[in-house]
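Following: one structure in structure tokens, then a few remarks.
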Amino acid sequence: MNAKMATSVDVSLEALAENQIQEISLDGHEIYVQPISMSESLTKLAQRIDFTKMEEEGKELKSVAANETEEGDDEAKSAFKQETWPWDSVHTKLRHSLTEASVLLDVLNIAKEKRYMLLDPIQQEPPESRMFTQVLGKKKALNNAAQILQHGSERLRKSDNLYHSSAPAFQMELLNVRRNWRLKKVANSILGDLSYKSAGSRFRQNGTFEVLENKEMEEGAGGHDTTPGSAGQQHAGRRSSLHVAIPSHLQGASYIYVSIQKDTDSLASANLTIPSHPTDPLAGETHWQKKLEAAQNVLFCKELFSQLAREAVQLKPPIPHMVIGNQITATLFPGIQLFIGLCHSNDQDRSTEPQQQQQQQQRQKSEHNHILEHSLHQLLREMHTANISLPMPHPSTAMLGASKRRRLAGPHAFSRASLLQLIEGKSLLEQIIEQAQHTVLRIRSTNVLDSIAMQCRDPQIVIHWNALSDATHAAMKLNITSQGYETICRTSLAIHIHTTSVRVIYRDGRIVKLSHEPHELTNVLLGVVSVHNISALQSLSKLMSWQILSTCMNLGVGEVEALGNASAVVMASPSGERVLAIKSGPISGVRVYVQGLPGNTSSDASTLETR
Amino acid sequence: MHNLSVYQWPLPEGKNGQQAVEILQKRVEQLGATKTGTFCVDCETYQSSLGPNAPTKNVFLVHNTEHPATTFAVLESGLVLVADSLLDIFMLKLNGAYNLKKNANIESKGQRYEQMDFVIKIGSVSIGPSFKGILVEVEYQPCDIPASCFDLMREFMQGFIGPSVQLPPQLVAAKIAEPYTPKDTVQQYLDHFNSLRRTTAAGPPTRMQ
Amino acid sequence: MAESLSSVLPILPAKEYYLQGSIHDAAKDILLHRLRGLCDCTESEPESFHDHEMVYVIRGVGIGGVQQMPITVRASQSLEHPEEPWHLRYVGNPEASGTGVDRSKSAMVRTCIDVGTSDDLIIFLQELGFRLDFEYVTKGYMFRKGRMKVTVSKVFRVVQPGKTDSIEPMSLSCLVELSLTAPAGQDAVADDMKTFAEQLKPLVQLEKIDTRRLQSI
């Protein structure tokens, strides 16, 4: 090869006796491949030289290259120098590149002169052409492209069909899911999140679900495609092209039941069937939206219950709360208990647990309190909101995550008491217990008032409940009037019902605080009624121009009342011939004593009026 | 909403600190006050190191258990900076310019009493292990203008401190018509601490205001 | 009582994890929209802020007159909310692990101490011997995403010292900062920040910036 490359004339280029035959024409004439000329051969060989090769690869090559270009003969020398200092290699490389650049410049200059050197375009050697392989290759490539196109058109047609048919396509469904739920794509699967984390929940359990394409649906759609008909359309319309895979612990339906029970109720055992639950037993056919909602509800109930259970264990009330299995028991008032339970019925697990049975029994026995359940949900949501809606700090560099009052606490030197107020957040359980207590107290008070209003005929008792109330406070107005004389005498009372106490406010501003015991309210009301009788009499006596001789609100004479004090009024008739003494006691009722004129010794008549 | 005075109570003859505290506690309990935990007011001192030409400055960091989220930084000029309790750590970061003075921590620690609207705190002051004196703090909660309630307080305080209580403490007297702030409490304590630091427990007890 | 109070008392000592970037004013609105979508509390308008920040420096002298390293502290006040406490802040140097040196960490880390104080902070610092180094005013919006705080702020130069109403903008860009304070050793949060920063690309490139290199330029 070297010999060939050499420019010496000695090298015989006519070594080949004959030139290659390129073609033999039909008349037998041979067309030879024209031998390449010297300069062509030179350029061809020069083309093969890789100038970018490092000079370290061999001095020989370098020298050949040097020969070929007839330039740069000393550049390789430095490569053999010992590397003496760290920048040596850089130094050499830089020098080499400088040399090469100079050489290039020189070459260009020389070439420009056109006296010593000419630049000729290099004729590329035509690549070996193998028609057969080329044809095969092209065919294969075309085939591939056609397949892709066909596949694509198939899919397009399919999706187009789906789009036009009544069943929405997977993508459309997915878009709908995306509108209401949090989705993200992880590798090849589409995952969604049911949890309330973005809404402020700190519940650990994960609520990941997976969105899957319904394969059956595709087949169904295919069938529908071939045989379009109303039946097929209906079939396709019912089925969604998308289904969601929900983790097993979130399947089924669940709810929190809340009930208030009296201790005395015996927990009778009875066999009860599982109540029907909102999810269709054929879970596969449920619409994804309903399925997701149900699963999210399960997650929510679980969070709610675990929160309540945690609080129940942490709180230290005088009568400890009990957490057994899926049920929390808290004592509201002596003998009255609040049950909060988590009911979770799983589609897959249809066997009833004994606990669940028990819950069902209790649920049957005492009506499930929907209002309290609702407030529980509300309370948890409020907690969520509070978790994420902390005010932003000002200035902006200040620390995030403290309430405004907390930030002021240090610089304003809050006292211990006000700091304690800051953290005085009531737990969910405490709040629901308060609400339940209020419910019990309100029902009890209502019963007391109603029964008194029914028993007591003569002074009429009218109760006006305030339309506005909240979960732990209700108020009412109570009017006591005497029939026929409603405008003349009226006793008004305001009654406020709190969680564990009742406040009765008299018209003159006196306040009586009562405990949760219902009979206390009864006593107060009986006392009020008896006083009302006397004051009504007084008003009437003025109207009838009777003369009041004396009144006494708290009578010290006569037989002792079982409860409270009797009051009395003594009045004389307009003519002064008769004197009436009327005594009204909360228990004993009204007694009227009539006296004739002094001297007229007619016997005292006494009448007893029953209330 | 409170007004408060701090007095030093001189040690009775022949009694040590512990006994003296017990005498006071007994008196207060006889008045019908109830114990409501303990309290502690302590003070750390940081000293400047800003070169030989600059005068040495002191910063006092005062903590009061009544204001658990707060650190008071008091300068010698009387300026009181009220800050989050993280200021303690902040001051440590100034190491090099301001250094914590070793063995200079002084604290008043003791029993807290409440009687109706009054809060009484009997604290024994100590620097490290050495006892320095007794400070009595009386707080009247409903009112924060000293002028309008000091007479009442004096009457109450004479009941167990003795007739020595006549005038309000200097600091309170200086702004008797202005609302009382927690800063004033810190200042009062600091004044007492500074004077107690100079005395020895064995020395003649001086009455400070 | 002590236990119950501890829940309101601040957590000590904190590290600040942070990433910084900048955005041109013209693109700021797009970024704000993006942030509104990504961050918590989307239903409300983004919270604006307008702060005055002063940087004070003190240099201690050790035994024998040896000059110590200068200590820098920041005093800032909200001009929009003057009732809020003043804010005194010590910010340490970025830790080596947080700077460009250590590639494994996703965010820069520095010690920071945040102290809310009463409004006589400036006099306090001056009396301590602090010297005002420089001051500036920031205006912008902040967002919250979990424990992360995102601020998009425009920095203004104070023309007349101490007067916060005569200000001129420093540049045509806004400073975007993503920060999070956490107790020391919670390096995992840095990865969350990195993930969040990824979502803001290509609007803004939140990166670790080696400020020491900037200073040497």
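Quick note: the coordinates plus some simple rules give every number you see, no bench work behind them. No experiment lies behind these values; they were computed from the predicted model shown. No Cβ is skipped: glycine too gets one built from the backbone with ideal geometry, and neighbour counts run over all protein chains shown.
Just a few scattered comments:
- Positive-end ranking of B:LEU92, B:LEU81, B:THR65 along the dipole of the range B:41-100, with charges on Cβ about the Cα centre, is headed by B:LEU92.
- For A:HIS394, A:HIS29, A:HIS91, order by how many other beta-carbon atoms lie within 10 Å, fewest first: A:HIS29, A:HIS91, A:HIS394
- Listed pairs A:LYS138/A:LYS158; A:LYS316/C:LYS145; A:LYS197/A:LYS404; B:LYS35/B:LYS183; B:LYS93/C:LYS149 exceeding 27 Å between Cα atoms: A:LYS138/A:LYS158; A:LYS316/C:LYS145
- Rotationally averaged projected area of the range B:41-100 (alpha carbon convex hull; nm²): 4.0 nm²
- Using θ = phi - 60° and Karplus 6.51 cos²θ - 1.76 cosθ + 1.60, couplings along the range A:293-309 (whole Hz; Gly, Pro as x): 4, 4, 5, 5, 5, 4, 4, 5, 4, 5, 4, 4, 5, 5, 5, 5, 5
- Distant-in-sequence amide H partners of A:THR331 (H built 1.01 Å from N, under 5 Å): A:LEU338
- For chain B, the Cys residues with no second cysteine's beta carbon closer than 4.7 Å are B:CYS40, B:CYS43.
- Neighbour counting of Cβ atoms within 10 Å sorts the residues A:PHE132, A:PHE305, A:PHE170, fewest neighbours leading, into A:PHE132, A:PHE170, A:PHE305.
- Per-residue HN-Hα couplings for the range C:196-208 [Karplus 6.51, -1.76, 1.60; θ = phi - 60°; Hz; x = Gly/Pro]: 5, 4, 4, 6, 8, 6, x, 4, 9, 9, 8, 9, 7
- Taking amide H as placed 1.01 Å from N in the peptide plane, C:GLU80 has its amide H under 5 Å from the amide H of C:HIS50, each at least 5 places away in sequence or on another chain.
- Here chain B is treated as a sphere whose radius is the Kirkwood value from Cα pairs; by Stokes-Einstein at 25 °C and 0.890 mPa s it diffuses with a coefficient of 138 µm²/s.
- Contact order, relative form, for chain B: 28 percent (alpha carbon pairs under 8 Å, 6 or more residues apart, mean separation divided by residue count).
- Part-to-part distance (alpha-carbon centres) for the range A:300-344 and the range A:96-110, which is given in Å: 91 Å
- Neighbourhood charge, 14 Å Cβ-Cβ cut-off, centred on A:GLN296 and excluding it, Lys, Arg +1 and Asp, Glu -1: +3
- Viscosity 1.002 mPa s, 20 °C: Kirkwood-radius Stokes-Einstein D of the range A:433-610 over Cα pairs, µm²/s: 121 µm²/s
- Summing charges over all other residues whose Cβ lies under 11 Å from the Cβ of A:GLN431, with Lys and Arg as +1 and Asp and Glu as -1, gives -3.
- Point-to-point label distance, A:LEU26-C:GLU80, nm (Cα→Cβ direction, 7 Å offset): 9.4 nm
- Of the GluC sites (Glu not before Pro) in the range A:392-453, those whose Cβ has at most 10 other Cβ within 10 Å and which sit in DSSP loop: A:GLU424
- What the phi angles of the range B:101-118 give under the Karplus curve with 6.51, -1.76 and 1.60, with θ = phi - 60°, is a coupling list of 7, 6, 6, 10, 5, 10, 9, 10, 9, x, 8, 10, 10, 10, 9, 6, 8, 9 Hz, glycine and proline written as x.
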